[in-house]
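What follows draws every value from the coordinates through simple rules; no lab data is involved. None of these values were measured; they are calculated from a predicted model. For neighbour counting, all protein chains shown are included, and Cβ atoms are generated from backbone atoms with ideal geometry for every residue, glycine included.
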Amino acid sequence: MKLTKEQGVELLKKLTAEKPSQTCPLCGCQAFSVNDTVFNLTENTGKTLTIGKGVSFIPVISASCQKCGYMIFINGLISGIITDEDLENYKDPD
Ligand SMILES: [Zn+2]
């Protein structure tokens, strides 16, 4: 799943709204970029990888420091960047 450009901009606004001088905890840089790919943080169901019904997942969005590469992950649903409707309407690109 990909973020739209508007969703990426909205996330950056939210990140800086709470603390306008947000800096990287490793290098102090203030330049972060949002990756437009939405990743899933999946439930650990044991030694095998289980994909499908009954497995919990959290859609996460990553942002990276442009100087050192430090990454943060934001819960897409709690942040409001991704909605339940986005997930329900998502179709795999073929
Ligand atoms: Zn950094």
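Divide by every residue of the chain the summed helix terms, -39500 (n - 2.57) for each DSSP H run of at least 4, and state the resulting mean residue ellipticity at 222 nm, rounded to the nearest 500 deg cm²/dmol. Before the final figure, lay out the partial values.
Working: 3 runs with 24 residues, N = 94.
-7000 deg cm²/dmol, from helical runs alone.
Which of the trypsin sites (Lys or Arg not before Pro) found in the chain are in a DSSP loop and have at most 13 neighbouring Cβ atoms, other than their own, within 10 Å? The partial results should precede the final answer.
Numbers: sites: Lys2, Lys5, Lys13, Lys14, Lys47, Lys53, Lys67, Lys91; in loops: Lys47, Lys53, Lys67, Lys91.
Taking the chain and a limit of 13 other Cβ atoms within 10 Å, the loop trypsin sites (Lys or Arg not before Pro) found are Lys47, Lys53, Lys91.
Can you give the relative contact order of the chain as a percent, counting alpha carbon pairs under 8 Å and 6+ residues apart?
Details: 115 pairs, mean separation 24.8, N = 94.
After rounding, I find 26 percent.
Subtract the Cα-Cα distance of Ser62 and Glu18 from 0.36 nm times their separation in residues, and report this length gain in nm to one decimal. Provide the component values of the computation, followed by the final result.
Details: separation 44, 0.36 × 44 = 15.84 nm, distance 1.75 nm.
So the chain would gain 14.1 nm between Ser62 and Glu18.
Between Asn35 and Glu10, 0.36 nm times their residue separation minus their Cα-Cα distance comes to what?
On the way: separation 25, 0.36 × 25 = 9.00 nm, distance 1.28 nm.
Working it through step by step, the gained length comes to 7.7 nm.
Holding the Cα-Cα limit at 28 Å, pick out from Lys13/Lys67; Lys13/Lys47; Lys19/Lys67; Lys67/Lys91 the pairs that are longer than that.
Values: Lys13/Lys67 20 Å; Lys13/Lys47 39 Å; Lys19/Lys67 19 Å; Lys67/Lys91 34 Å.
In this structure, Lys13/Lys47; Lys67/Lys91 exceed 28 Å between Cα atoms.
Residues of the range 5-38 with backbone nitrogen within less than 15 Å of a virtual label 7 Å along the Cα-to-Cβ line of Met71, please, listed as ranges.
Answer for the range 5-38: 33-38.
Out of residues 5 or more away from Val60 or on other chains, whose amide H comes under 5 Å of its own, with H placed 1.01 Å from N in the peptide plane?
The list, which skips near neighbours in sequence, is Phe39, Asn40, Leu41, Gly76.
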